[in-house]
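Everything below concerns the one structure shown next.
No value in this document is a laboratory result; all are computed from the given coordinates. Every value quoted in this text rests on a predicted model; they were computed, and no experiment measured them. Reconstructed Cβ throughout: ideal geometry from the backbone, glycine too, with neighbour counts over all protein chains shown.
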Amino acid sequence: MEDQPTDPLDHRGSGKDTLQQQPSDQAVQAAATPDDQHGNQGRVPQDASQGQPPKGKHESKQHGPGKKGGKKTNGRTNSALEAVKKKGRENVQQSQTGEDDLAVQMAGMTISETLQAVPSGTGLVYDECLTQHTCPFNSRHFIAEHYDRILMCHKRLQDYKLLERCTHVTVRLALDDEILSVHSADYLESFKTTQTMGDNELKSWAEQYDSVFVNNNTYECASLVLGGLLDLTEKVVKGELRNGIAIVRPPGHHAQRTIACGYSLFNNVALAAHMARHKWNCERVLIVDWDVHHGQGVQYIFEEDPSVLYFSIHRFEHLDFWPHLTDSDSNVFGKGRGLGFNVNVPWNKVGMGDSEYLAVFQQVLLPMAYEFNPDLVLVCCGFDSAIGDPKGEMAITPVGYTHLTHALMGLADGKVVLALEGGYNLKVMAECAAMCTQTLLGDPCPLLPPTTEPDESAVETILDVIKNIRPHWQCYEYQVAPEYVQSDLVSSTSSGKMPSQAIKTDQSPQRGTEQGAGPLDSTVQSAEGLETVDSNTQSEGAATKGVEPVVSTVQSEGTTDKGVEPVVGLTCQSEGTTEKGAEPVQSTIQSVERPTSKEVEPEEIDSLVNRLISEVVLTVPKHRTCLVYDAEMMQHRTAFNHPERPERISRIFSKHEKMGLVQRCLRVESRRATTEELHWCHSAEYIERLQAMQENTSRELYKMQDDFNSIYLHQSSFDCASLAVGSTLNVVDMILSNQARNGVAIVRPPGHHAEAHTAMGFCFFNTVALAARYAQRKFGLKRVLILDWDIHHGNGTQHAFESDPSVLYISLHRYENGMFFPSSPDGAPDVTGQGEGEGYNVNIAWNVDSMGDAEYIAAFTQIVMPIAYEYSPELVLVSAGFDAACGDPLGGYKVTPAGYAHMTHMLSSLANGRVVVSLEGGYNLNSISESMAMCTRTLLGDPCPSIHPGSPCPSAIQAILETLYEHQEYWKSLKYQVNLPTNSSVEDVKAKATSTQNKDAVCSQPRTSSSGGDMDKHGADDTASSSRPYLHDPDGAGECAPKSEATPADAAAAPVTGGNGDNKPSMEELGAAGGVDPANKSTVTSSAGEGKTIADVFGQQPELFAVVPLPWCPHLEGHVSPIPVSSPIDTRDPCSECGDTSENWVCLQCYQVLCGRYVNEHMLFHSISTSHLVVLSYADLSVWCYGCDSYVHHQIVFPAKRAGHISKFGCDDPGI
């Protein structure tokens, strides 16, 4: 890391001020510009003119009063000013580290320099001896569950050179004690006897169960499978391996405690989950079963266990599909203490593909999984839902499975184990297994074609699942029709209920015997869909004689179909290799049509599978992550304390070095953007103006910066901004030329506020917007996604692409109904783009509450990822501002470094993993360093830290719903916001509170890693009541929340009608956060002429500070005197030295009124000469301490603040 330049003078001009040392985070709070201070709701330390349009030259700026500023009186000398600066530097030197640490601790965030060891390696369980499980008697089942299944998978892994990249885990015989932890002793002893039976005895033993075959080697094979899977799982749990896959047979998820069933002898995954829980100290285990057949064996074993969440997605078809169990339906969700911990997603139609399965993950599984917070994820990994499978008749592509696997890898610290279950099209199954293994190894997910509109039957199923399980979980708050949602702003203190609507629900039939289904008045398929039985006459579990076997449409390994072209295009290389001159990947994959008939010709299936395989193009660049950083960008600086300081990038880079991340990345050369490149998003006149500023003096630049909104200028500003852009373009170039998979740009100044013709909000050139144009112009990309998670809305980026459908812009930002910087209605959720770009601008606008991990992850699962998958970008650019992070002095939000890691992980599933994370804002040096380092770790393939984010607050749910409603007409994946009726039977169960109590005990274990949501505020007990405070009955009918006295939230939600005739007050009318009009210092009035205080406009919020002041300082005692009776506080008093009235402060020791730093600095020199350190601003009623170099909010200063409020607004301060 290079040190900050300390030359006292820039000799290109006289009197130029340079930065000697940068201040602490708390000191920066004092210098917050309008960018920092918007939305602070009244009595916050803020700019007096916040909320207004950009200032002109003669309009005042209200900051901390004691910093170097504009014109001085002739009586002041440079020596006095230098004395002030020297004193400030000494304070900074003494307290820099301590104050930064304090800022972080106050935010409830602990940052450690030490990095835990990252598990490495993907385990593989495979042994050719498992092929010895065969059938000695004539059975159609052996034709399907044939040993060629694992041989083909192994061959495909070998073709892709994946075997040498995996860590081999040897199979072993399972111990009896391990088996008996799930299965009964009688069953175990009976199964052991098959080792010495003759053929007829083996047949008789098998026929007592449903769809089972055995030989003398079956027991040993099943035991070896189990032992190998247990060892693999133990290694993953203990951190010896990161993840793993078991290519094994026989399968296991149908096996129950006392019986074999559906080719399954031992329930492998259930046994692994049990051992993880009771031997390897996992508190919670998630089992995901995506085999096309319901894994009833796993369900029955854990149906009363809240520590194991079983989630099954399977074909059901209203009981017509095997295993024909009523317990496979969505209205069966556990028993006793396990209520809510069994989730069935039953498809009632064939042909469900990538779009439907991704919808299940986004709408149901991932929200639940984040709430459950598992320590381990086990996957019953059947590939019989894959396209072309003769049993499943579903349509998941091999690429689709990689995306499902990637999503699960974001959970449980990446501890994911896949165990092969079904899959009967050998070619496609082998392809699926190989591609899932690649994903576990860290290769990028291949580009998935744009998702299509989910099938109506799938939507019905998903909504039915949510209806049944949401009483037991806090995460399902989005199934609300638009007419039931209030349009006004609400806070978490609101209350209300969804109108209850009674529906008729059938009672869930009782489960039959463990072997299979109970009797039905219909003809149903037998086990695994291979035969037809009459359920009224056929005994349960018995195989039917005389049924012709169904022959597999795919031949076993060693044979080839004539005329089948060899598989081409899937050029998956091992890490460390690269294709020279490889062109960037462009998707040519076409959407897969759903099967419409069960009579599909084998030739058609084979042709379809071959086409899918050949269309997947995946190259793995030699380098995974590239990184650009240049200390020269630190030259852009100011002599004043300012949040956008040079140390932002140096501290981030230093953190990367300490964590060993720089050494793992490919360093990218920095460069300046060319004028032609800058012209892609900015006007020639504007570029020339900035370029000419390199020759101005500091005094001239100081005057010029008033022409912009929230900008400071330096002779190096143009150069640094151009360097930031050009360096980021180089990162894009490295990625799209296949030299690196993804990239990180540690650059400044930021860019997303920069407009085509002007700078604003610390931004000069729109770095990310220019990167998108660069990708399009040089590499011909047709679809680019820009994800902006900076806490401020990226107005410049939005305006650059609002009419362009080739760039999808999604922004998550603090909005506060337009009162937070950049204080424009353009950040509202109903601003969706213009012309051809309509629908390609997505604003997720937060209001009222302090958002954290829970809110951001909810926005990702509900909005960002569904839209992104439907858009299918070829490149993802992240405007990565970290001012929503814990401890940021400007944002006030609570996103943790782990939360940013999870968002990065989700985005990495898109665009072949081509993601660029480019720094925007973020002003707590600890927070931004830790957060961006976690993003880089994620891009490098390290597992995401486990988090338990909690539940989104009601105002976040409101914001998410508003965005969903605005974009439902543009995006087919957003169709789950309907008003679900209440399931009366579920409500009866929920009333007993069994599930909620259990889930509180199991799911709410504290995590030391991070906690983004406010669990004390929005805990399980609040949600268990199913109250939805943002709902109302539009027709006045139904069960609604009772009317109560007005709350602060009601005041906030009530429209403030201004003189402009609409329901939103203009910035001019509100003045400084609704307090005063700086032009005439009059109280804000509505159109009716009624005076409004800050509380009237914003309500009495529990925390009104965006810049968090010190709760106490040592100078309060002795430096704050009682208000003299002879001279009460009058906020209209002029400066006693120069008579100026634009920006004045009152000394709280002698009560002399003097002007601030942007006038004549009389208060500053008063403090120097008298050592009076504590002063009150007449602009925003904030209190500043010169001794601490920070704002202060303590009861000692309350009398002065109250007196100021009475003088300014005519009433007492309601917040004190």
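Here His278 and His168 are evaluated by their C-beta separation; at R0 = 22 Å the FRET efficiency comes out at 0.20. Remark: spin-label model distance Thr193-Cys1150 equals 10.5 nm, labels positioned 7 Å along the Cα→Cβ axis. This model, with +1 at the C-beta of Lys and Arg and -1 at the C-beta of Asp and Glu, gives segment 807-949 a dipole about its Cα centre of some 360 debye. Give me the Debye-computed log₁₀ of I(q)/I(0) at q = 0.22 Å⁻¹ for segment 1113-1190, equal point scatterers on Cα only, no solvent, two decimals. Debye intensities relative to I(0), on a log10 scale: -0.98. Projected over all directions and averaged, the alpha-carbon convex hull of segment 399-466 occupies 6.3 nm². A full extension of the chain between Lys155 and Glu460 corresponds to an added length of 105.8 nm, given 0.36 nm per residue minus the alpha carbon distance. The amide H of Val744, built 1.01 Å from its N in the peptide plane, has Cys626, Leu627, Val628, Val917 as neighbours under 5 Å, considering only residues 5 or more places off or on other chains.
Note on segment 831-886 and segment 446-482: Cα centroid distance 19 Å, given to the nearest whole angstrom.
Annotation: for a label point projected 7 angstrom from Cα along Cα→Cβ of Glu1117, residues of segment 1176-1210 with backbone N closer than 18 Å are 1187-1188, 1193-1198.
Listed cross-link partners Lys655/Lys894; Lys349/Lys782; Lys391/Lys975; Lys782/Lys972; Lys238/Lys279; Lys161/Lys238 are compared with a 23 Å cut-off, the Cα-Cα value being larger for Lys349/Lys782; Lys391/Lys975; Lys161/Lys238.
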